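For reference, the structure discussed in these notes is given below.
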Amino acid sequence: RGGAVYANPYTSATSVVAKISNCIIEKNTSSLSAVYATFTPCGVTNLSNDVDFENCVVRDNYSSTNSAFLFGGSSGYQIYSKGSLVGCLFYNNTSGASSVLNLTTSTSNGGGAAGIDVDVINCTFASNTGLDGNVITMARASNATFVNSIIYENGSTTPLLVTGTASTITNCFIEGGQE
């Protein structure tokens, strides 16, 4: 299933905390998430991941059935995905069935936006390909922020898909003027 970086809190009441800095993450291929994903074992609750990526280059990765980079959570099951992407370049990544970066919370069991708390700051997304042209998906991710970032030259006039509760998007340059 792939996953260059795989956060796996395997028992209830477990937390994964990590910081990945100044790295090049490239040429990973997966049927699921090629670069980063959290894992939630069936029936396990009360988990949290707090993973930060700083000054990383994420390039030439391919995911066939999911996002290349996935932060997912469900406050209904007490599963929390936190972290940040700061000063990162996402270049030439492809997702065959989703977006390249996905920040999504589940509404199962009464879950909501509290499942995701991710900041994307000073990042650039260029020459990426996602399903239907979406490079970034923010679904029910109102605790997520997107600040001072560039989404351009991805071959789409709608590279950012925001659904559910509004996410905070500030001072970003987005292809097609989308906001």
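The values are calculated or read from the model by the stated rules, or taken from the named source; none is laboratory data. The shown structure was predicted, so the numbers you read here are calculated from the model rather than taken from an experiment. Surface accessibility is based on the protein's heavy atoms, side chains included, excluding ligands, DNA and RNA. Shrake-Rupley method; radii C 1.70, N 1.55, O 1.52, S 1.80 Å.
Values as computed for the structure displayed
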quantity: Accessible surface of the chain, 1.4 Å probe, proportion on carbon and sulfur as whole %; calculated: 48
quantity: Relative compactness, the chain, computed as alpha-carbon Rg over 2.2 N^0.38 Å; calculated: 0.94
quantity: For the stretch 62-88 versus the stretch 149-164, the gap between their alpha-carbon centres in whole angstrom; calculated: 17
quantity: Convex hull per residue volume in Å³, alpha carbons only, for the stretch 66-148; calculated: 77
quantity: Considering only the stretch 40-159, percent of DSSP beta bridges that pair antiparallel, nearest 5; calculated: 5
quantity: The stretch 1-96: antiparallel DSSP beta bridges as a percent of all, rounded to 5; calculated: 5
quantity: Distance histogram in 5 Å bins (all Cα pairs of the stretch 116-170, percent per bin); calculated: 5, 21, 28, 26, 18, 2
quantity: Taking the chain and dividing mean pair separation by its residue count, relative contact order in percent (alpha carbons under 8 Å, at least six apart); calculated: 16
quantity: Whole-number accessible area per residue in Å² for the chain, which is evaluated in the context of all protein chains at 1.4 Å; calculated: 43
quantity: Mean Cα-pair separation over length for the stretch 73-112, i.e. relative contact order, pairs under 8 Å, 6 or more apart, %; calculated: 65
